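Asks: Take this structure first; my questions come after.
The values are calculated or read from the model by the stated rules, or taken from the named source; none is laboratory data. No experiment lies behind these values; they were computed from the predicted model shown. No Cβ is skipped: glycine too gets one built from the backbone with ideal geometry, and neighbour counts run over all protein chains shown.
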Amino acid sequence: MMVDSIPELHTDFLFVYGTLRRGFALHHHLVGMGAEFVGPGVVQAELFDLGKFPGARKSTRPGRVVAGEVYRLRQAQKALKVLDHVEGISPQAPEKSLFQRATTEVVLRNGVRGVAWIYWLNERARARRRVSSAGARVLKREGADALFAPPLSPKGERGGALSHGSGPIGAV
């Protein structure tokens, strides 16, 4: 089940895997809102080719990961409203939008885990074909950091801040 928003969970982190990444067409939105780059990370998901951009769907299959970037949003509520518009989410009918915003576990390259917002491809949307996370770099032609895919374990701390043990992500 896709969750459109989780008001009781507060996180200022955002995971991006497509055109919002550095070097891609929509990254200027993150720059303009003062989002702080935290580092590269992965989520347990599968990536799909939608033509001009990719879409990711959460996966329960071990080893299926999508690489991307994690950002800390300033004024997260306001920033997410802007990004909802950029991602084409209709506030009146989010279930009919191509993407849906939800939270998910993110793992940074150094093993730090936490919760971040992500724009998932709507389950109702037709995807052309599944591609590897490395395939996204080929689809998008340059501009991406080196991709990596460490395995995700089913365990890990969840919370409003990304953490390794009890330390915040900003401390890494």
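Asks: Working carefully through the options Val31, Val16, find the one that is modelled with pLDDT of 95 or more and surrounded by 23 or more Cβ atoms within 10 Å (Cβ to Cβ).
Replies: Val16
Asks: Need the failing condition index for Gly88 against (1) under 22 Å from Gly32 (Cβ atoms); (2) in contact (Cβ under 8 Å) with a residue 40 or more places away in the chain, just the number.
Replies: It fails just one condition, (2).
Asks: Follow-up question, since we're still on this one. Taking the stated definitions as given, is Arg101 outside any strand (DSSP E or B), under 19 Å from Glu46 (Cβ atoms), among the basic types (Lys, Arg) and in contact with a helix residue (DSSP H, G or I) (Cβ under 8 Å, 6 or more places away or on another chain)?
Replies: Against the criterion (outside any strand (DSSP E or B), under 19 Å from Glu46 (Cβ atoms), among the basic types (Lys, Arg) and in contact with a helix residue (DSSP H, G or I) (Cβ under 8 Å, 6 or more places away or on another chain)), Arg101 does not qualify.
Asks: Sticking with this structure for a sec: What are the pairs with Cβ atoms under 8 angstrom where one residue, in region 96-122, is at positive phi and surrounded by fewer than 23 Cβ atoms within 10 Å (Cβ to Cβ) and the other, located anywhere, is of a type outside the set (A, V, I, L, M) and part of a strand (DSSP E or B)? Sequence gap at least six, or different chains.
Replies: Within 8 Å, the pairs are Gly111/His164.
Asks: Further question on the same structure: Filter region 116-136 for residues that are at pLDDT below 95 and aliphatic (A, V, I, L, M) and give the result.
Replies: Selection gives Leu121, Ala125, Ala127, Val131, Ala134, Ala136.
Asks: Inside region 41-63, can you point out the residues that are surrounded by fewer than 18 Cβ atoms within 10 Å (Cβ to Cβ) and not in a loop (DSSP other than H, G, I, E, B)?
Replies: Asp49
Asks: Based on what the data block shows, is Pro62 within 26 Å of Asn110 (Cβ to Cβ) and more than 14 Å from the chain's Cα centre (by Cα)?
Replies: Here the answer is yes, as Pro62 does meet what is asked.
Asks: Scan region 64-92 residue by residue and report those that are surrounded by fewer than 22 Cβ atoms within 10 Å (Cβ to Cβ), assigned to a helix (DSSP H, G or I) and in contact with a helix residue (DSSP H, G or I) (Cβ under 8 Å, 6 or more places away or on another chain).
Replies: Result: Val82, Val86.
Asks: Let me ask another. Would you confirm, using the coordinates I've provided, whether Leu30 is touching a helix residue (DSSP H, G or I) at 6+ places or on another chain (Cβ under 6 Å) and at negative phi?
Replies: no
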